[in-house]
Amino acid sequence: MMSEFLLIVIIGMLVYIIYDRENEKKPKNDKHIVEDILPEMIGKMCEIDFKQWLIYVADDNSIQGVIKDVDDDWVMVEVIKKGQSNYKVIRKSLIAGIKEIQ
């Protein structure tokens, strides 16, 4: 009886250790990464990727433009198409990634 209980405890511990290691391998939340990078990108030409297609902002899942301003919830981007400058205001929570364009 005692050996069966010990076997169940050991199997439970092994399952927990394996599960815990899998959680360590998963990437951390990207939300903080994007929020940390955005203030450094002000005034730079960037490509912004979205988590979903935003019909009012772009023709596909990304835009290219100069980041003009960043606050707690929003990002203002100047997009130049066909010689005309337009400003787009985007909620931070919809941004999947950002990279600087040289």
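The values are calculated or read from the model by the stated rules, or taken from the named source; none is laboratory data. Since this is a predicted model, take the numbers as computed values, not measurements. Here the Cβ positions follow ideal geometry from the backbone for every residue, glycine too, while neighbour counts run over all protein chains shown.
Let's see how each residue does on (1) modelled with pLDDT of 80 or more; (2) in a helix (DSSP H, G or I); (3) under 27 Å from GLY97 (Cα atoms); (4) among the hydrophobic types (A, V, I, L, M, F, W, C):
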{"site": "GLY12", "(1), (2), (3), (4)": "yes, yes, no, no"}
{"site": "ILE18", "(1), (2), (3), (4)": "yes, yes, no, yes"}
{"site": "LYS28", "(1), (2), (3), (4)": "no, no, yes, no"}
{"site": "VAL34", "(1), (2), (3), (4)": "no, yes, yes, yes"}
{"site": "PRO39", "(1), (2), (3), (4)": "yes, yes, yes, no"}
{"site": "ASP49", "(1), (2), (3), (4)": "yes, no, yes, no"}
{"site": "TRP53", "(1), (2), (3), (4)": "no, no, yes, yes"}
{"site": "ILE63", "(1), (2), (3), (4)": "yes, no, yes, yes"}
{"site": "LYS68", "(1), (2), (3), (4)": "yes, no, yes, no"}
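Being among the hydroxyl-bearing types (Ser, Thr, Tyr) and in a strand (DSSP E or B) is the filter; apply it to segment 85-102 and report the residue that is farthest from ILE48 (Cα to Cα). Reasoning before the result, please.
Of all residues in segment 85-102, those among the hydroxyl-bearing types (Ser, Thr, Tyr) come to 85, 87, 93.
So of that shortlist, the ones also in a strand (DSSP E or B) come out as 85, 87.
On the way: SER85: 17, TYR87: 14 Å.
The qualifying residue farthest from ILE48 (Cα to Cα) is SER85.
Selection of segment 76-94 for residues being free of Cβ contacts under 8 Å to residues at least 24 places away in the same chain and out of contact with any Ser or Thr (no Cβ under 9 Å at 6 or more places or on another chain) yields MET76, ILE80, LYS81, LYS82, GLY83, GLN84, SER85, ASN86, TYR87, VAL89, ARG91.
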